[in-house]
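In what follows, a single structure is set out as structure tokens and then discussed.
The values are calculated or read from the model by the stated rules, or taken from the named source; none is laboratory data. From a predicted model like this one, the values you see are computed outputs, not experimental measurements. Virtual Cβ from ideal backbone geometry, glycine too; neighbours counted across all protein chains shown. Just so you know, the surface numbers come from the protein's heavy atoms only, side chains and all, with ligands and any DNA or RNA stripped out. Shrake-Rupley method; radii C 1.70, N 1.55, O 1.52, S 1.80 Å.
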Amino acid sequence: MRSDGILGNRDGQSLGAKATTSNRRKWLKTRERWLVVLGVILHAVYMLSIFDIYFKTPIVHGMDPVTPRFTAPAKRLVLLVADGLRADKFYEPDSEGNYRAPFLRNIIKTQGRWGVSHARPPTESRPGHVAIIAGFYEDPSAVTKGWKANPVEFDSVFNRSRHTISFGSPDIVPIFCGALPHSTWDTYPHEFEDFATDASFLDMWSLDKFQSLLNRSSEDSKLKGLLHQDNLVVFLHLLGCDSNGHAHRPFSSIYLNNVKVVDHVAESVYNLLEDYFKDNRTAYIFTADHGMSDKGSHGDGHPSNTDTPLVAWGAGVKYPRPISGSNHTDCGFRFVDDHVHDTPTPTEWGLHGIERVDVNQADIAPLMSTLLGLPCPVNSVGSLPLDYINMTKAEEVEAVLANTKEILNQFLRKSYIKQSYSLYFKPFKPLSHYSSILDKIEGLILARDYDAAMDLSQNLRNLALQGLHYFQTYDWLMLMSVITLGYVGWMIYLVLHVLQSYTSLPGNLFGMEQAIRRNNHGKIYLYGCMVTGMLCLLLLLEQSPPLYHAYTIMTSFLWVQIISEYQFIKALWKLLSGRRMIYISKLLATTAVSVFILEFLVNSFTERKLYTGCFLITGATASFYLFKSIPWRSGIPIYVCIACWSLSLFTLMPAEIPDNNQLVVSSGAIIIIIGIAARWLDLHAGKSKYWLTICNCELKSPKFSSLFYLQALLVALSSIMVYLSTSHRTEKQELLAVHQLINWSIAGFSMVLPLFSENSLLSRLTSIFLGFAPPFLLLSIGYEAMFYAALALVLMAWILFENTLLKLNIVNTSSDSIKNVTNHLILGYDNRSLQLSDVRIPLVFMVLFNIAFFGTGNFASIASFEISSVYRFITIFSPFLMAALLIFKLFIPFMLVICVFSAITKLNQVPRLGCYFLVILLSDVMTIHFFFLVRNTGSWMEIGNSISHFGIMSAQVVFVLLLFALTNTYTKDMHCNSAVPSARKAN
């Protein structure tokens, strides 16, 4: 084996070195174990830093509510939320020119106000309802609670009401009413949320419940008295559009018909209440928590998800107003979803003559509070939309001032808390004289200069919102510095570990006297503990969160470990300084190529099409190299080129996978053909010197042949079940229990079979490929099933390329070098030392691992999960099981890549854990890049994507390790024929 390592090769092991092999093996195992644990802990802790830097909870306690100084325009309020209703599908006409919501459209033209409510991602049900009802954007810690439990209690319009009546989904209503003593509520069972049916009956359930409550009040005097008191809120959660959008897409007749259903519910509620009370003191608000993408998902910042309808009418709401040039004055204003104010209304909506008033979703909470004359929720950051309120000028100023004071109180509370504990406090200077501004506003109100008082109140409110943002990011610079130092320290320490444990460094670097090292280490650890203790003491005095201590301790620990290796670093520098320039050049060139590939991968997170060019160039380059190195008759150069070019097509396809049942069935046939070809090669191609290492044509047991036929049969059966399950569900609107049972059985049984296959490299990998094909086919809806086959072809091309390189290196090596190769099987693991050229293995792995991410979509986007993928296994709404199935589907291509990665390390006889640490090192170069790319300005979609990119790379150390553990079950006994003995024999 030709040496190209920057540190050279050992000249052979001395007797003393052989005697210490056992001890060194134990030392390496222990170090590997705790380094893996350290990596998992470090990445988990540092990933949480994003929540402290960018996602600190907006909730703060200790403020008093601001009592409004005006008469309530309405006695009661009705809030209707159509979950998952898109603004365009609500306002636009159908194919026949008829509008889908005739009642609400008549309200817009004759009685009330309308507009678009702009939601802020994540556009999910819980965050949307929290913004509407509580007036702030969701506490991110609720992510860990599945958007259900309340990790931090918050105030809402319902809390401030005298009584709240609510009916709807079991996922939403209990969040706001579950712990509310002054509430009457009910929900339907989870089993009602079946995606295989038309879910519009859920909306009618809520209406029926409310109607029966009104009917019951005629016989229940207590209930009747409750309904007639003031500050009453009625909340109906209408889930039909969301469920039908997921199951049938927002362009389907079922979803569009559901728009008519929610309009009918709004009309029925209006008629019921007007006939019941007859006092014209009821206000009505109709809106949605989020929209729905064309493929039936939501979560990101696309306009189809963030634009929701808003219609308000009744007591205290202004009547429609014709559009005029002076209607809007703040044309530079941008909403929370980064959409510009005064966006033109689509012509097809037919509302261009009536003034449209758009709001941020959180603005609805102060609107409801003002209509009922209640204090705004204490954590609300919404701005009162005056164009909806029908009040006198004096009352408008009082309402805006109450809204401003509520936000200012939050700012003052956060400022007080931070100042109480900070050793060096930096105040928000623009609000240093807020009290004089408040006095001036009160004076203007007394002088009846309402316009000036209004302007000053709105300016103060904007400053208070800026101040809240200032304290949200108060510790930003300190945290960024600590985390950056931590990542850099981790990468340096990882490099030192790989150099010490897996490379062929001269023995004198390890020959330092242990006593001196212990003495020096003791001093360094002592000083490190003292510095860390002082930093933690400062954080303790400032009453910083526990995670701040964790960041500091982790970073200090890593740098203490690095400094404790100063003797090794010094010797390494001396060794490199004595090397010839050719070695330094190779090191720099390898580093440059690695950085280029990693930067390519960073950019691929936002531009999938880069992979198309990557695989086109790779296919041509690799095949040209192989054409020059081995005979074309072997077929390997042509195969490598075709495989890479085939995979390049998939990143040109849309990330939103279109349904194509026939393509999934056809993919099953292609997978079987690939399996047959691999089986034939395994049995007949082993005589070729380029296939010898990976084939094993000696094992022709009938047992193994039967296993192959069984796996092929399961793939065929899964293709048939794809067709039958989908056809029946589409026609009959249900999933048969027998289909469900067969699908689960095929998926589970097929994944166990590879464990019983032959353990030669090609045989085992073919069995793994066929074993995971049935569950992947059953979870596929379109071209991603074809991607599975194309990815397997490229993985095979990688094996053939590495096998060819290995063969060429051994043939071109002298017999003395062959002897070196066998001597360099380190630590009794039958592994040789890592060399500089071996960096290609983790680099290729990184590219293939990322194409598994982005080959069929954008995994970094929340909305990329295609929920219809699970409908062959389950249709009843079960978020955790559905999420588990979706994640499992995403993991299948990764498992193929890691199985092949393990095979490559066995083929090249390099330590797999050494390559794993190189993968983590390269991943962290990308992680730190994404850490600096995280944004807290611009559109929320860009902010969300930048954070998800960072989260994916941070989590890679964990789930790559998890996948290594899972795939080890399949690959631990896999072996390949040694190329070294045959090469020695040839020489």
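Over region 212-334, what is the relative contact order in percent, taking alpha-carbon pairs closer than 8 angstrom and at least six residues apart? Write down the numbers at each step before the final one.
Numbers: 93 pairs, mean separation 24.0, N = 123.
After rounding, I find 20 percent.
Just how much of MET581 is accessible, in Å², when a 1.4 Å probe is used and the result is rounded to the nearest 10?
Counting only protein heavy atoms, the figure is 140 Å².
Obtain the nm distance between the two label points defined at ILE638 and VAL37 by a simple spin-label model: each point lies 7 Å from its Cα along the Cα-to-C-beta direction.
Output for this residue pair reads 5.5 nm.
Which of rounded, prolate, oblate describes region 703-786, given a ≥ b ≥ c as roots of the alpha-carbon gyration tensor eigenvalues and a/c under 1.5 marking rounded, otherwise prolate only if a/b is larger than b/c?
Prolate, because a/c is 1.5 or more and a/b exceeds b/c.
So, with a 1.4 angstrom probe, what is the percent of accessible area on region 170-215 that is carbon and sulfur?
Carbon and sulfur atoms account for 56 percent of the accessible area of region 170-215.
What do you reckon, how do GLU565, GLU153 stack up by accessible area (1.4 Å probe), largest on top?
My answer, sorted largest first, is GLU153, GLU565.
HN-Hα J couplings of region 539-549 from phi, Karplus 6.51/-1.76/1.60, θ = phi - 60°, integer Hz, Gly and Pro as x?
Result, ordered by residue: 5, 5, 5, 8, 6, 5, x, x, 5, 4, 5 Hz.
Give the long-range amide H neighbours of ASP194: residues separated by 5 or more places, or on another chain, with amide H under 5 Å away, using H modelled in the peptide plane at 1.01 Å from N.
PHE877
Please compute, for the alpha-carbon atoms of region 570-630, the extent along each of the three principal axes and give them in descending order in Å.
Here the Cα extents, ordered largest to smallest, are 44, 37, 13 Å.
Can you sort TYR788, TYR474 by 1.4 Å-probe accessible area, starting with the largest?
Sorted by accessible area, descending: TYR474, TYR788.
Just reorder VAL665, VAL560 by solvent-accessible area, largest first, 1.4 Å probe, all chains present.
The most accessible residue leads, giving VAL665, VAL560.
Taking loop as defined by DSSP and a crowding limit of 16 other beta carbons within 10 Å, which trypsin sites (Lys or Arg not before Pro) in region 883-937 fit?
In loop regions of region 883-937 (DSSP not H, G, I, E or B), the sparsely surrounded trypsin sites (Lys or Arg not before Pro) are ARG935.
At VAL593 and LEU962, where each label point lies 7 Å from the Cα along Cα→Cβ, what is the point-to-point distance in nanometres?
Placing both labels 7 Å along Cα→Cβ, they lie 3.4 nm apart.
Can you tell me the FRET efficiency between SER218 and GLN466 if r is taken as the Cβ-Cβ distance and R0 is 45 Å, rounded to the nearest 0.05?
E between SER218 and GLN466, to the nearest 0.05, is 0.30.
Tell me the volume per residue, in Å³, of the convex hull enclosing the alpha carbons of region 46-97. Could the numbers behind the result be given before it?
Details: hull volume 12.4 nm³, N = 52.
In region 46-97, the Cα hull volume divided by residue count equals 238 Å³.
Ignoring everything but the protein chains, give the 1.4 Å probe accessible area of ARG608 in square angstrom, nearest 10.
Here the residue's solvent-accessible area equals roughly 30 Å².
Once you sort the root eigenvalues of the Cα gyration tensor of region 61-202 as a ≥ b ≥ c, which label holds: rounded (a/c under 1.5), prolate (a/b larger than b/c) or oblate (the other case)?
oblate
So, in nm, how far is label ILE563 from label GLN211 when the simple model puts each one 7 Å beyond its Cα toward the Cβ?
Each label point lies 7 Å from its Cα, and together they span 7.6 nm.
Taking amide H positions as placed in the peptide plane 1.01 Å from N, state which residues far from ILE389 in sequence (5 or more) or on other chains have amide H under 5 Å from it.
LYS318
If I take every Cα pair under 8 Å that is 6 or more residues apart in region 408-483, average their sequence separation and divide by the length, what percent do I get for the relative contact order? Write down the numbers at each step before the final one.
Numbers: 31 pairs, mean separation 32.4, N = 76.
It comes to 43 percent, rounded to a whole number.
Please report how far the C-alpha centroid of region 880-911 lies from that of region 259-316, rounded to the nearest whole angstrom.
Cα centroid to Cα centroid, the span is 46 Å.
Check cross-link reach from LYS75 to the aspartates and glutamates: straight Cα distance under 17 Å, and skip same-chain residues fewer than eight apart.
Filter leaves ASP230, GLU274, ASP275, ASP279, GLU395.
Students often get this wrong, so check it: of LYS224/LYS260; LYS405/LYS426; LYS222/LYS278; LYS807/LYS972; LYS405/LYS429, which have C-alpha atoms separated by over 28 Å?
Details: LYS224/LYS260 31 Å; LYS405/LYS426 22 Å; LYS222/LYS278 20 Å; LYS807/LYS972 24 Å; LYS405/LYS429 18 Å.
Long pairs (Cα-Cα over 28 Å): LYS224/LYS260.
May I ask you to compute the full-extension gain from PHE600 to SER727, defined as 0.36 nm times their residue separation minus their alpha-carbon distance, rounded to one decimal in nm? Spell out each step's value before the answer.
Working: separation 127, 0.36 × 127 = 45.72 nm, distance 4.19 nm.
Difference between extended and current length: 41.5 nm.
Sorted by mean Cβ packing within 10 Å, highest first, what order do the peptides 919-928, 589-598 take?
Packing order, densest peptide first, comes out as 919-928, 589-598.
Evaluate E = 1/(1 + (r/R0)^6) for LEU610 and ASP186, where r is the Cβ-Cβ distance and R0 equals 60 Å; express this FRET efficiency to the nearest 0.05.
In this case the efficiency is close to 0.70.
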